[in-house]
Amino acid sequence: MPNSAIYCGQGKGTYKQNGCLYRGFEAEASDITKVPETVPKSYVVWALDPGQRSGTRGVEKPVTGYPEADRSVPGNLCRPAATAALDHGIYKQIQLDRGVRDRLDSVGQRSSAPGRRRESLKVRPPARGFGREARFGNPMNTMPAPVPTFPKAPFLNYEFDLAYDEMFEGPGLPRPHYQALYRTLLQLPPQELRESQQAADLSFLHQGITFTVYGNKEGTEKIFPNDLLPRIIPAQEWRKIELGLTQRITALNLFLKDIYNEGHILADGVVPRALVYSCRHFRREMRGLNVSRGIYVSICGTDLIRMPDGGFAVLEDNLRVPSGVSYMLANRKVLKRVFPSLFRDYGVSPIDHYAQSLLATLRSLAPPNCVARNEPCTVLLTPGVFNSAYFEHTFLAQQMGIELVEGRDLLVHDNIVYMRTTAGLRRVDVIYRRVDDDFVDPLCFRPDSSLGVPGLFNAYRAGNIALSNAIGTGVADDKAMYAYVPTIIRYYLDQDPILPNIKTYLLTDPAERSYVLEHLHELVVKAVGESGGYGMLIGPHSSREQQEEFRQRILAGPRDYIAQPTIALSRAACFLNGEVASRHIDLRPYILYNGSVTLVPGGLTRVALRRGSLVVNSSQGGGSKDTWVLREEKAQEPPKAVPGARPAKE
C-alpha cells in the first residue's frame, strides 16, 4: 500500500529537479471536488492522472471552479496557501503511484542535523473541520518560501469556516485593510489588551450605556456588550452600500406614499392588495393624509449581511422606530481613546456629525404653518425609563439639544400640540417619536395606552405637527413585504436593486409552504411582525420539539411567518476572554432622508458573542463593535502572508 500524501501549491507551472517532474497534484480525477467560493482564487491546486510515471508527463486537471494560473509560476509545497486549500476540504486523501511517490519523497524530506531521522513530506487529513496536522518540507532550495509557523498570541484559537472572514483571506493572510490592526494586535502584550477592554467596559458603565431584556428574571438592565476590535470597511465597498441604501429608502418612501393615496402599485397587481391590507402595521387612518413634504420614512436602519462570496445583501429594513445609533456613536468614542494612533493612521471617516444631521433632518419636516421656521420646536417622545432603548433616547436628545418628553408632558388643544414647561405651554412643531404606532394616541389606537398623547393623531391629520417616522410605515418593513422590495424598486425607479435581498419563502403560497414544512431543519423561520430576535426558529440549531411547534404555528397562520435559507453571516475578529476569536456579525447603517439622503460613513456592527450563534440581537446575547469606514484617499498596503492564525478545532 503506497504512502498517503498531498502536494499542492500556487500556480500551474511544471518544474524539474534532478531530472524529476514536480507539481501540485492529486492522483484521482474523481477525488477533485468543488472548491467553495470562499476560498481565495490564488489557492490553485492541479492534478495528474494516476497513470503518471516518473519522468513522464501526465494529464493535467485543474480543480473545479478555478481559473488557469500562470505557467511560469512554480508550485510551492511550503506556502500557507497549501494549508488553506487543504483546510477548505478541497481534496481527499490521495494514494500516489509508487514511481512518482518515491521521487517526490526523495526531495520532500526535511534537512536535519546529523544523526536525526529525515522525515518524508506527508499530510494526514482529519475527520472534519480545520484541525488538520500537516508537516511541510521544502522541495526546492531555489524556491524560498516561509514555512508555516505556529500561530501567535492572541490568535491561538482563531476559527475559520465557510463564512466570509472580515480580517483574513485565509489562515495567516490578513486582508490589505486589516494589516496594520493585525500587526498592532501581535505587538501588544496580552495584559495591555485586557486592560483596554476593561477600560472600555468601565466607560460604558459610567456613561450608563445599557439596554433592557424583557422577561429576564435575573434583571432587566444590562450594560451593552462592546467589542474592542473595530470592523474595517474600505471606501470602495462603502460606496456601493451608500448607493444601494439611497436607492432603497427612496423606493420605500414612494411605495408608502402610493399605497396610502392613489394605490397605483396595487391596481397594477405588482404587490398583492391582500398582502398590504392584511399587514397589522397597515393603518387605514393614514389613507389620504397629507404627510409633511410627502416623506414617510426620514430615519431608517437597514440590516446588511456579507454573503460567503464577499458581497453585501439586505437582511431586513427597520422603518418604524430604528434603534442602536447611540451605541454606534458610543463605540466610536471609546475606540478613539483605546487606539488613538491606529485610528489616526487608518484615516477613518468621521461619524460625530450624526446628531446634528439628524436634527437638521427633523427640522426640515416642520409643517408649513410653523411659527418659528428657522428653529422649529423639536422634541423626542420616549415611552419612559423602562423602555429597552431609554439610554439612546436620553443620549440623542442631549446630543441634539432638544427636550426629552413623555406622553404626559404633552397636550393637544385645538389640534395644536403643546409642551408643558416651567414657563408655561410651548407649541411643538416636530416630534421624533420612539413610541410604536399602537401607543401613540389612545383616542385613535389602543385606548389603554398611557404612553401617548390624546388627540395627537387629529393634530397630525390637520397638518399642525410633523412626526418622524410617519405612522403606518411598518407595512413596508413587514418581513413578507420585504420579498417584494426588489420589485418595488424596479416599479418606481426603473432600476435593478444594487443591494440584493435574501431568498424569502412566502408561506401563503401553498408550494412554498409545503417546501418549508419539509425543510424546517434547514431554514430560518421568522414571524413577520417581530423584531429583536424574537419569534424566530433557526432550523440547524433547533430541536425536533421546536420544529414541531413552528410547524403548527405556520399551519395555523401562514401569513404570520416567512422562511429564509440559513445564511453563514460573515465572521470578524473579536477580543474575548483574553484572546482574539472570530464571531458572526451583521451591519446596520443609519440613513437620514428629507428628499436627499444623508448616510454617515459607519454603522452599528452587531456581534453574535456566543460561539457558533447566528443571532446578533443584544436581547439574545449579542453585542456590538465600532465600524471604521476608510476615507477614499487612504492608500492600502499590498497583502502579504504573516503568521498568526490557526484553523479551528472541531
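The values are calculated or read from the model by the stated rules, or taken from the named source; none is laboratory data. All figures in this text were calculated on a predicted structure; none of them were measured in a lab. Neighbour counts run over all protein chains shown; Cβ positions are idealised from the backbone, glycine included. Quick note on the areas: whole protein, heavy atoms, side chains included, nothing else; ligands and nucleic acids left out. Shrake-Rupley method; radii C 1.70, N 1.55, O 1.52, S 1.80 Å.
A quick yes/no check of all residues on (1) aliphatic (A, V, I, L, M); (2) touching a Ser or Thr at 6+ places or on another chain (Cβ under 8 Å); (3) surrounded by fewer than 21 Cβ atoms within 10 Å (Cβ to Cβ); (4) free of Cβ contacts under 8 Å to residues at least 60 places away in the same chain:
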{"position": "Arg280", "(1), (2), (3), (4)": "no, no, yes, no"}
{"position": "Arg284", "(1), (2), (3), (4)": "no, no, yes, yes"}
{"position": "Leu289", "(1), (2), (3), (4)": "yes, no, yes, no"}
{"position": "Arg293", "(1), (2), (3), (4)": "no, yes, yes, no"}
{"position": "Cys300", "(1), (2), (3), (4)": "no, no, no, no"}
{"position": "Pro308", "(1), (2), (3), (4)": "no, yes, yes, no"}
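Tell me, please, whether a residue that is among the hydroxyl-bearing types (Ser, Thr, Tyr), buried (at least 17 other Cβ atoms within 10 Å of the Cβ) and on the phi < 0 side of the Ramachandran plot can be found in segment 388-406.
Taking every residue of segment 388-406 in turn, at least one turns out to be among the hydroxyl-bearing types (Ser, Thr, Tyr), buried (at least 17 other Cβ atoms within 10 Å of the Cβ) and on the phi < 0 side of the Ramachandran plot.
With the requirement that a residue be under 39 Å from the mean Cα position of the chain (by Cα), in a strand (DSSP E or B) and hydrophobic (A, V, I, L, M, F, W, C), what does segment 411-435 give you?
Hits for segment 411-435 are Val430, Ile431.
Between a first residue in segment 247-273 that is among the charged types (D, E, K, R) and a second residue that is open to solvent by 50 Å² or more (accessible area, probe 1.4 Å), which pairs have beta carbons less than 7 Å apart while being 6 or more apart in sequence or on different chains?
Going by the 7 Å Cβ cut-off, the qualifying pairs are Asp258/His264.
Any residue at all in segment 632-647 that is at pLDDT below 95, of a type in the set (Asp, Glu) and closer than 24 Å to Ala163 by Cβ?
no
Is at least one residue of segment 575-585 farther than 30 Å from Leu173 by Cβ, open to solvent by 30 Å² or more (accessible area, probe 1.4 Å) and among the charged types (D, E, K, R)?
no
Restricting the search to segment 575-600, which residues are closer than 24 Å to Thr302 by Cβ and among the aromatic types (Phe, Trp, Tyr)?
Tyr590, Tyr593
Using the structure shown, decide if Gly474 is under 18 Å from Asn387 (Cβ atoms), in contact with a His (Cβ under 6 Å, 6 or more places away or on another chain) and either surrounded by fewer than 23 Cβ atoms within 10 Å (Cβ to Cβ) or in contact (Cβ under 8 Å) with a residue 24 or more places away in the chain (or both).
Yes.
Check whether at least one residue in segment 436-451 is open to solvent by less than 10 Å² (accessible area, probe 1.4 Å), within 19 Å of Phe282 (Cα to Cα) and in a loop (DSSP other than H, G, I, E, B), and report yes or no.
yes
Before we move on, is Val385 out of contact with any Asp or Glu (no Cβ under 6 Å at 6 or more places or on another chain) and open to solvent by less than 10 Å² (accessible area, probe 1.4 Å)?
no
So which pairs qualify, if the first residue must be in segment 505-529 and closer than 10 Å to Ile554 by Cα and among the small types (Gly, Ala, Ser), the second must be open to solvent by less than 20 Å² (accessible area, probe 1.4 Å) and modelled with pLDDT of 95 or more, the Cβ gap must be under 6 Å, and the two must be at least 6 apart or on different chains?
none
Scan segment 512-525 and give yes if some residue there is at pLDDT 95 or above, touching a Lys or Arg at 6+ places or on another chain (Cβ under 7 Å) and farther than 19 Å from Ile259 by Cα, otherwise no.
yes
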